[in-house]
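Visitor: Take a look at the following structure, please.
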Amino acid sequence: MAETLEISGDQKVAIAHAMSEHTAPFISAINRVISDEWNSTADDPSARALGTGSFVELRGKPYLITNEHVAMERRRVSLAHALRQGDDPDNRAFRIINPFQVIGAPTDAAISRIEDDVWEQGQKMAIPAVRIACAHEPVPGERLFVQGFPGEFTRATSFLPGNVARPVAFLTEEIELPERLDAEFYFALHYSPEWARTAGNVSVNLPLPSGFSGSFVWDTKYVRVRGRNWTPRDAVVTGLLRAWPQGEHANRLLGVRIEVVRAFLMRALRLEAAYFRSLNRQKHSGDALSDWLWAERTITDL
């Protein structure tokens, strides 16, 4: 058995800071579109972030991924994401135009393709598919990382000027999953809003995690490589945050295992490919079944 790797508080802060800078270009708050006018004094709770989305590149195209329960708010209001950093003076929100493909619990995931002409207007980056792990398998004691947009720090309208969404990043570890939950789908992360430690062992409060929904969970690989020559580029996506259990398990965040998420992404890509093939029937004879069988043969990886 490998010897436990001791990591100081200052080292943890350094890891979290490096991961925060590295992953910031990959994420955006997902906001309700309330108005086309920005009102900096507005205190409407409905103007806060619904959740967090991550940009991924699948088969050469950019997509936004989040939770199904976040995406389904689109039934009631328009949703928007940002394609520049929050402090960019040209930052504004882009309405999510394309439909989401969704899957409910226990996976609770959603994905929407971003049109090339929209994507090219921003400065965000998409996580390449090779950095989406095949399975959730961090080594014991591994440091896991999350960055997202807690609702209490975020307000939004449509076509936003300025910095209105402030991300929060934290480093944590996997802890025991509540017995009632299926380990085939889920894992749990430690998260206690009452306290955290910064450099110098200073105690701070973390925000309530509402708004973290849809954030990716990263396996930093720091413990796996024993800290030797580690960089944030060693990290891979290992899960998708879904919920914050209450009651006796309120010190946990619930993540969906990445192999479950990958299965959804594969299905979504195949459905999309079959749909576009069906629109081009003048070149490809067939029906819905033949389109799907073609997509299964063609789409074999992310």
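Visitor: Which order results if Phe170, Phe26 are arranged by neighbouring Cβ count within 10 Å, fewest first?
Guide: The most exposed by this proxy come first: Phe26, Phe170.
Visitor: Any idea how far apart Arg95 and Leu289 come out in nm if each label point goes 7 Å out from Cα toward Cβ?
Guide: 4.0 nm
Visitor: Let me ask something else. Taking θ = phi - 60°, what integer Hz values does the Karplus form 6.51 cos²θ - 1.76 cosθ + 1.60 yield along region 253-265, in sequence order, with x for Gly and Pro?
Guide: Result, ordered by residue: 10, 9, x, 8, 4, 5, 5, 6, 5, 4, 4, 5, 4 Hz.
Visitor: Still on this structure: Can you sort Glu142, Glu115 so the residue with the fewest Cβ neighbours within 10 Å comes first?
Guide: With the fewest neighbours first, Glu142, Glu115 line up as Glu115, Glu142.
Visitor: Under a 5 Å amide H to amide H cut-off, with H placed in plane at 1.01 Å, what residues pair with Ala243 once short-range neighbours are removed?
Guide: Leu254
Visitor: Counting other beta carbons within 10 Å of each Cβ, put Phe264, Phe216, Phe149 in order, fewest first.
Guide: By the 10 Å Cβ count, ascending, the order reads Phe264, Phe216, Phe149.
Readers should treat all values here as calculations from the given coordinates under stated rules, not as data from a laboratory. Note that the structure is a prediction, hence the values are computed from the model and not measured. For neighbour counting, all protein chains shown are included, and Cβ atoms are generated from backbone atoms with ideal geometry for every residue, glycine included.
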